1. For segment 128-170, how big is Rg over Rh, using alpha carbon atoms and the Kirkwood form of Rh?
2. How do Y62, Y190 rank when sorted from fewest to most other Cβ atoms within 10 Å of their own Cβ?
3. Over every pair of different alpha-carbon atoms in segment 55-100, take the mean of 1/r and invert it; report that Kirkwood radius in Å.
4. Measure of size requested: the Rg and Dmax of segment 98-206, with Cα atoms as the atom set and Å as the unit; please supply both.
5. Using the Cβ atoms and a cut-off under 10 Å, what net charge is assigned to the surroundings of A89, where Lys and Arg are +1 and Asp and Glu are -1?
6. Please report the net charge: other residues with Cβ closer than 12 Å to the Cβ of G173, K and R +1, D and E -1.
7. For the residues F78, F36, F140, what sequence is obtained by ranking on other C-beta atoms within 10 Å, fewest first?
8. Could you tally the net charge around M50, taking each other residue with its Cβ under 14 Å from the Cβ of M50, Lys/Arg +1 and Asp/Glu -1?
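Laboratory data are not the source of any read-out in this text; all were calculated from the coordinates shown. Being a predicted model, the structure only gives us computed values, none of them experimental. Methodologically, a virtual Cβ is constructed for each residue, glycine included, from the backbone with ideal geometry; neighbour enumeration extends over all protein chains shown.
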Amino acid sequence: MTTSQTHTHTRTARTLRPISRLPAPPPLWDRRFALFFAARTVSQVGDAMMPVAAALAVGALYGISGVGFVLGTWTGTFVLLVLFGGVLADRFGARRMMVGADLARVLTQGVLAVAFFTGPPPFWLLVTMAALAGAAVAMFLPGVNGMVPLVAREPQRANATLKVADALAQLLGPALAGLLIVLTGAGTVYAIDSGTFLLSALCLALIRFTPADAPTDTPADAVSSARTGSSLRRDLRQAGRSSAHAPGCGR
C-alpha cells in the first residue's frame, strides 16, 4: 500500500468513526415518569369505572332517568369548569391542582361507598357527589399536558405511551366495574374507585423535581404579587366568557 493510499484510508476512518458513536436516546422510564405514568393510569381506570358504576348501581335504584340525571350532572359540571381548571393550574401549579382533584374524588367516591354499604343512598347525595366529581375532573385534566414536559425527557414518546395506557384503561375500567358490581356490589366498586384516586394522589406527591424544573420565587414575583389577584380574576372572567360562548352552553 502506498503512502497516499494510507493517508486516504486514515482520513476515511476518521470521517466514519463519529457516525458509529451516536448518543443513545435518554431513557423514558425514570422515577419521575414512572410515578406520573402510574398516577395517570390508575386515575384513568377510576374515571372509566364511574359511568358503569352509575349505570348499574343508580339504575337499579332510580331507573334510567336517574342514571341520565347523575351522569348529566357529572358531564355538565366538567364542561362548565374545565376552562377554569386550566386557569387555576397555570396559577397554582399543575401538580398541586391534580393532587387536590384526586383527593376530592377520594372523598366523593368514599362517601358513595359508605352510602351503598349502609343502605340505598338518597338521590340528592348521588347528584351532589356527581357534581363534585365532575368539578374535580375539570381541575385535574388541564394539568396533565403541563406535567408531561416536567417528568419526561422525551415528551413525544411520553405522550404516546400515555395514550396507549389511556386506551387500555378505558377498556379495563368499565369491565372491572361491571364485574365487581355483579360479584360484590356497588359499595365495593366505589371503594375501589376511591382507592385508585388515593393511589394517584400519592404517586403525584412523590414526584421530585430538579431545581431547574421546580418553580422558584424571584424578586420579580414579589413585586408582582400585588397584581396576582386582579390577574387571576381577569383570567377567570375570560374563562367564564369562553365557557358561556362554548357550543352547547348558549341558548
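1. Values: Rg = 13.0 Å, Rh = 11.8 Å.
Answer for segment 128-170: 1.10.
2. Numbers: Y62 18, Y190 30.
Ranked by crowding around the Cβ, least crowded first: Y62, Y190.
3. Numbers: mean 1/r = 0.0811 Å⁻¹.
By the Kirkwood definition, the hydrodynamic radius is 12.3 Å.
4. Spelled out, the Cα radius of gyration and Dmax of segment 98-206 are 15.6, 49 Å.
5. Details: positive: R91, R95, R96; negative: D90.
Taking every other residue near A89 into account, the sum is +2.
6. Values: positive: none; negative: D47, D166, D193.
Within the 12 Å Cβ shell, the charges total -3.
7. Details: F78 20, F36 25, F140 28.
Neighbour counts put them in this order, fewest first: F78, F36, F140.
8. On the way: positive: R105; negative: D47, D102, D193.
My count for the surroundings of M50 gives -2.
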